[in-house]
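Below is one structure, written out as structure tokens, with a few remarks after it.
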Amino acid sequence: MDAERGHAGIRLPEGSWWDWDVVAWDGGQLRLAAGHDLTYHHGLELVFGDPVFVSCPPAFHDPAFRAPSPDELLRVTRQLGGEPPVVVAFEADAGGQEPVSCLIAAERLTIVRETVLRYWREDAAPGLRFAPWVVRPPGR
């Protein structure tokens, strides 16, 4: 696999990244969030810029990232008509009897390590980020 083209297994920063979900997804970005427990906050995001192929559940646990197989690269390349710069593959627990194989292709990938609150907190430090669905009281 060509690591310079983004096809090597990704390395996550040190931390407890067991619990994962899709925190945002629109035409320009797919944002996966991770933490040891996503109830109140998450501390890691994989931000896929301009995703062109996504095959993963909306929530999963304990992913094992790896380089995509030649068959997976061929599948994506055939469907897209060319090889995308970033292809990320992983196996994860999605609640079934067997792990699910996941594949994401995009123009770029950014790994963001930052605490993001998933609920409104009046005494949050200035500059602390909130998840997109957190409703701020009027005037905030």
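Across the range 125-134, computed HN-Hα scalar couplings (Karplus, 6.51 cos²θ - 1.76 cosθ + 1.60, θ = phi - 60°) run 4, x, x, 5, 8, 10, 4, x, 8, 5 Hz from first to last residue, x flagging Gly and Pro.
State which stretch of the chain is the longest one without any exposed chymotrypsin sites (Phe, Trp or Tyr not before Pro), exposure meaning a DSSP loop state and at most 15 other Cβ atoms within 10 Å.
Details: sites that count: W18, Y40, Y119, W120, W133.
Looking at the chain, 41-118 is the longest stretch - no exposed chymotrypsin sites (Phe, Trp or Tyr not before Pro) with at most 15 other Cβ atoms within 10 Å.
Close amide-amide hydrogen proximity is noted between A24 and R31, each under 5 Å apart and 5 or more residues distant or on a separate chain (H modeled in the peptide plane; Pro and chain starts excluded).
For the range 26-127, the average shadow cast by the Cα convex hull is 7.7 nm², which is a quarter of the hull's surface.
So the label point goes 7 Å from the Cα of I10 along Cα→C-beta, right? Which residues of the range 58-76 then have their backbone N under 16 Å from it? The answer is 58-69. All other residues whose Cβ lies under 13 angstrom from that of P63 are scored, Lys and Arg at +1 and Asp and Glu at -1, for a net of -3. Dividing the helix sum by the residues of the chain, where each DSSP H run of 4 or more adds -39500 (n - 2.57), gives a mean residue ellipticity at 222 nm of -2500 deg cm²/dmol. Considering only V100, W133, V54, and ranking their Cα positions along the charge dipole of the range 2-140 that arises from unit charges at the beta-carbon of Lys, Arg, Asp and Glu, the one farthest toward the positive end is W133. Per-residue 3J(HN,Hα) values for the range 39-49, derived from phi via the Karplus relation 6.51 cos²θ - 1.76 cosθ + 1.60 with θ = phi - 60°, read 4, 10, 6, 9, x, 9, 9, 9, 9, 8, x Hz in sequence order (x marks Gly and Pro). Taking only Cα atoms, what is the 0 to 90° angle, nearest 10, from helix 70-80's long axis to the longest principal axis of the chain? So the helix axis and the longest Cα principal axis differ by about 80 degrees. For the range 30-87, with all protein chains in place and a probe radius of 1.4 Å, 52% of the accessible heavy-atom surface sits on carbon or sulfur. Along the range 81-97 the Karplus relation, 6.51 cos²θ - 1.76 cosθ + 1.60 evaluated at θ = phi - 60°, assigns HN-Hα couplings of x, x, 8, x, x, 10, 9, 10, 10, 6, 10, 8, 8, 10, x, x, 6 Hz to successive residues, with x for each Gly and Pro.
The residues of the range 4-140 expose on average 56 square angstrom of accessible surface per residue, using a 1.4 Å probe on protein heavy atoms. Determine the shape class of the range 1-85: with a ≥ b ≥ c the square roots of the Cα gyration tensor eigenvalues, call it rounded for a/c under 1.5, and otherwise prolate if a/b is greater than b/c, oblate otherwise. Verdict is prolate for the range 1-85. Based on Cα contacts under 8 Å between residues 6+ apart, the range 1-124 shows a relative contact order of 30 percent.
The values are calculated or read from the model by the stated rules, or taken from the named source; none is laboratory data. Keep in mind that this is a model prediction, so the values were computed, not measured. We place every Cβ from the backbone using ideal geometry, glycine too, and count neighbours over all the protein chains shown. All accessible areas refer to the heavy atoms of the entire protein, side chains included, with ligands and DNA or RNA removed. Shrake-Rupley method; radii C 1.70, N 1.55, O 1.52, S 1.80 Å.
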